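The block underneath contains the structure these notes are about, expressed in structure tokens.
The values are calculated or read from the model by the stated rules, or taken from the named source; none is laboratory data. Nothing here was measured: the structure is a model prediction, and the numbers come from that model. FYI the Cβ positions are ideal-geometry reconstructions off the backbone, even for glycines, and counts take in every protein chain you see.
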Amino acid sequence: MTKNLTSPSKYDTARLQQLDRDHYFHPFTDHKALGEEGSRVITKAEGVYLEDSEGHRILDGMAGLWCVNVGYGRKELAEVAYQQMLELPYYNSFFKTAHPPAIELAKKLADLAPAHMNNVFFTGSGSESNDTVLRLTRHYWATKGQPDKNIIISRENAYHGSTVAGASLGGMKPMHKQGGLPIEGICHIQQPYWFGEGQDMSPEAFGIKAAQALDAKIQELGEDRVAAFIAEPFQGAGGVIIPPASYWPEIKKILAKYDILLVVDEVICGFGRTGEWFGSNYFDLQPDLMPIAKGLSSGYLPIGGVMISDRVMDVVNKGGDFNHGYTYSGHPAAAAVALANLEILENENIIQTVKEETGPYLQTRWAELGEHPLVGEARGVGMVGALELVKDKGTNARFDDKATAGALCRDFCFQNGLVMRATGDTMIISPPLVITRSEIDELIDKARLALDLTFEALHSGG
Ligand code: PMP
């Protein structure tokens with residue numbers, strides 16, 4: 001990896017790794033295995049680049065965790081947080097109180113969201129947003145006098161967060177295995193993952209089939225039991241699974257037949273990832289609820305929310321107290337930073353640039369990686385991409401030992417100064433939206449090198 005020689009490291013990496021090993025139990029991590037290896041300690045970042053405690057410079061192909069949309073090092077966001085903390089570091093909105101940052105952010109979000117969504121409930125994260133979704137959909141139907149209309153249909157391999165409700169709404173089996181999930185009243189239908197599950201059909205036909213699983217499930221349960229259908233516009237953590245073009249139109253047709261809420265989880269897609277403000281704009285969806293987080297503040301401070309349609313709000317307004325909320329709902333500093341972040345996205349035309357220039361450029365260059373002998377499919381949209389690693393390019397046969405190739409490739413990426421994530425044998429990127437053409441070229445070169453090294457290692461038996 002290239003050393004950033006302009007900034008000799010001031011960190012004692014061995015000490016930090018030892019303390020980390022001894023005391024820090026990481027999210028989604030095998031603590032024991034990490035302890036043996038030692039963490040990479042990230043110490044600073046600028047633009048699209050990270051720096052670790054040993055002075056290595058790494059291109060962040062994942063924008064942190066799909067969130068640093070405006071890139072690192074935005075002094076204006078730090079300044080806004082500083083000023084707000086001096087002025088009013090904290091107050092809540094529980095007891096008939098409010099404060100300017102949360103009010104202004106709510107107004108801004110109402111302006112940016114689809115026209116029929118004019119209210120927002122603030123949370124601290126995407127998971128809390130989906131906990132809110134669960135309670136709000138059930139509260140909505142109960143207020144309408146249908147308390148038994150309380151089942152939420154989701155999809156296998158969906159990701160909706162890590163809290164009890166979030167992980168239950170999600171369709172990740174390894175998460176369900178821990179802690180007795182999913183909780184009652186949530187079920188999962190087939191995902192629209194053509195490469196993984198539908199190659200015996202055309203993408204078009206498979207998209208229709210996957211959508212029809214929703215109709216079948218509603219019929220099975222009875223419309224009067226189903227509260228909502230929840231879905232990500234494209235599945236992010238599941239492997240950047242972009243549904244075939246036939247999928248969303250068919251889902252819309254099905255939903256039009258029933259009185260069921262549509263929840264579109266915009267935690268990843270929101271704030272420009274597809275080249276539109278929301279994935280709902282990109283796929284032409286009219287959600288009733290839209291959980292948001294991540295790009296809302298570009299990750300500078302933790303904040304999320306649920307955007308609420310007028311239809312839902314009209315009913316909720318008849319329901320009295322909604323007995324739900326978080327200490328940090330609409331946190332003043334987080335709200336002020338989020339508002340400033342949205343202004344950066346607007347003033348610098350960042351989303352327009354993704355749509356018209358850098359997004360198409362990334363997709364053209366990314367598609368070139370599809371020619372690599374290790375890659376069965378290269379797909380993407382806007383500023384995300386996925387590569388399916390395969391054992392046999394001709395048949396798209398996967399490796400028997402799933403995730404070895406992916407983990408190898410991810411490690412080669414890291415060693416060569418690129419963060420690319422592996423979900424099983426699917427490699428994923430989601431870089432900051434401000435990435436330039438030359439930085440995209442660097443990302444592609446480094447990804448190709450990692451693919452070459454992975455191919456070599458797998459085929460030399462190494
Ligand atoms: N929904 C989606 C679609 C997500 O991708 C994520 C996080 N990756 C979440 C919800 C949960 O967000 P958080 O980690 O902020 O709780």
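Assorted remarks:
- Test: residue in the stretch 112-129 that is more than 16 Å from the ligand (Cβ to nearest atom), outside the structural domain of His331 (by TED's automatic domain parsing) and more than 22 Å from Asn349 (Cβ to Cβ): no
- Residue match in the stretch 143-150 (condition: in a strand (DSSP E or B), away from the ligand (no atom under 16 Å from the Cβ) and touching a strand residue (DSSP E or B) at 6+ places or on another chain (Cβ under 9 Å)): no
- Selection of the stretch 285-311 for residues being polar (S, T, N, Q) and either touching an Asp or Glu at 6+ places or on another chain (Cβ under 9 Å) or within 17 Å of Gln84 (Cα to Cα) (or both) yields Ser297, Ser309.
- Flag for Ile254 being in the same structural domain as Val312 (by TED's automatic domain parsing), aliphatic (A, V, I, L, M) and crowded, with 24+ Cβ neighbours inside 10 Å: no
- The stretch 383-403, residues that are at pLDDT 95 or above, under 13 Å from Ala422 (Cβ atoms) and among the hydrophobic types (A, V, I, L, M, F, W, C): Ala386, Leu387, Leu389
- Within the stretch 291-341, the set of residues being farther than 22 Å from Phe95 by Cα, away from the ligand (no atom under 16 Å from the Cβ) and either part of a helix (DSSP H, G or I) or free of Cβ contacts under 8 Å to residues at least 40 places away in the same chain (or both) comprises Asp310, Arg311, Val312, Leu339, Ala340.
- Whichever residue in the stretch 122-164 is closer than 19 Å to Ile308 by Cα and acidic (Asp, Glu) and, among such residues, is surrounded by the fewest Cβ atoms within 10 Å (Cβ to Cβ): Asp131
- Within the stretch 186-228, being touching a helix residue (DSSP H, G or I) at 6+ places or on another chain (Cβ under 6 Å) and within 16 Å of the ligand (Cβ to nearest atom) holds for Ile186, Pro192, Ala228.
- Single residue of the stretch 165-187 satisfying the filter (in contact (Cβ under 8 Å) with a residue 12 or more places away in the chain and part of a loop (DSSP other than H, G, I, E, B)) that is surrounded by the most Cβ atoms within 10 Å (Cβ to Cβ): Gly170
- Of Gly406, Gly359, Gly380, all but one fail to be at pLDDT 95 or above, crowded, with 20+ Cβ neighbours inside 10 Å and not in a helix (DSSP H, G or I); the exception is Gly380.
- Residue in the stretch 273-284 that is within 11 Å of the ligand (Cβ to nearest atom), on the phi < 0 side of the Ramachandran plot, buried (at least 24 other Cβ atoms within 10 Å of the Cβ) and in contact (Cβ under 8 Å) with a residue 60 or more places away in the chain present: yes
- Some residue of the stretch 60-76 being assigned to a strand (DSSP E or B), within 16 Å of the ligand (Cβ to nearest atom) and farther than 22 Å from Gly320 by Cα: yes
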